[in-house]
Amino acid sequence: MAPIYPPLQVRETGYLQVSSVHSIYYEDSGIATGVPIVHLHGGPGEGMVDSDRQYFDPTHYRIILFDQRGCGKSLPSGCLDDNTTWTLVADMEALREHLNIEKWIVMGGSWGSTLSLAYSQKHTERCMGLILRGVYTLRRRELEWFYQQGANMLFPDYFEQYRACIPEAERGDMIAAYYKRLTGDNEEEKLKCASAWVTWESATVELIVNQEYIKKAQDSKWALPFARIESHFFVNGGWMREGQLIEDAYKIKHLPVFIVQGRYDVVCPAKTSWELYQALGGKENSNVEYLIIPGCGHSSHEKRIEESLVNATEKFKIFKK
């Protein structure tokens, strides 16, 4: 397993106007003549972090990161207008063209894997390959496992805090109940629900609960846009037909795909990535590699997950500029 690369300075930053409402922030790092690779952050709503650049050899890759609509430094913050899976896919194409990139490798974990699949299935000819972690396809049963019934069996104490924000009469659909409050007019209730939503997620992302993640959830400036955007996407099922990303996996079977999955991932359990692997042809398809990481959960920052992702980018050095 390869360690992550040292912290990397950004070579170029900018904003790209992608609609009459939205402007997305992007960063271009590594070597300008390198193999282009785009990293898609999670959430939806989370935004990129500096360490996202450290999976890549800066002497080989041209590293593209961007904040999706309403996320991070993109403007306006937390905006839900015209913010869907397919407008984000269109933004990726606009950014690729803006940066004069013909093809790129697409990498993403959790929601980033969702967007990676949606993009690659629509614009297959623009993809050299995919690196996916903690696969999420937004099927209803995946959403209900985490936000309704399933993961609560493993984290009942933290789930109780999450559930307590919603009156008993509305607990039959927790995502809809949260969305109603996160998009309502009661500012105090918005902040309370945003903190509870993000605390629940933060408590479950690693094999061992990380209290630093939970502390971050108390920052309402960060938590509110995150929770609003996430619930907006989930209540709308990602604007995809049920099971679409698994059913359409055949469109990318010819591409190299590297899947990294934490064995004890509670947020995006291994069954989803396994079903994607099978839909891609499983062991019969030499283009796809599926790696279960023991002793790890969902977070990309668990050491063995980090090492596996770097290992994947090293294997993808088969691509030359």
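At 222 nm, what helix-only mean residue ellipticity would the chain give, in deg cm²/dmol to the nearest 500, using -39500 (n - 2.57) for each DSSP H run of four or more?
Details: 11 runs with 118 residues, N = 321.
Taken over the chain, the calculation gives -11000 deg cm²/dmol.
The P(r) of the range 185-259 has a tail past 17 Å containing 60 percent of all C-alpha pairs.
Beta bridges assigned by DSSP with both partners in the chain are antiparallel in approximately 35 percent of cases.
Simple spin-label estimate for LYS283 and LEU154 gives 2.6 nm between the two label positions (7 Å along the Cα-to-Cβ direction from each Cα).
Under a Gaussian network description of the chain, with springs only between Cα atoms under 10 Å, the residue in ALA118, ALA90, ALA270 that fluctuates furthest is ALA90. For the range 141-238, the mean projected area of the C-alpha convex hull, equal to one quarter of the hull surface, is 6.0 nm².
Cα-based values for the chain, radius of gyration first and Dmax second, are 18.6, 58 Å.
Counting only Cβ charges, +1 for Lys and Arg and -1 for Asp and Glu, the dipole size of the range 141-238 around its Cα centre is about 140 debye. Checking every one of the GluC sites (Glu not before Pro) in the range 13-112 against DSSP loop status and a limit of 12 other Cβ atoms within 10 Å picks out GLU102. Ellipsoid semi-axes for the range 1-160, based on the Cα gyration tensor and the rule √(5λ), read 27, 19, 16 Å when sorted largest first. Taking the Cα atoms of the range 104-196, the ratio Rg/Rh between the radius of gyration and the Kirkwood radius comes to 1.10.
No lab work stands behind these numbers, since they all come straight from the coordinates. Since we're looking at a predicted model, the values are computed, not measured. In this analysis, Cβ positions are derived from the backbone assuming ideal geometry, glycine residues included, and neighbour counts consider all displayed protein chains.
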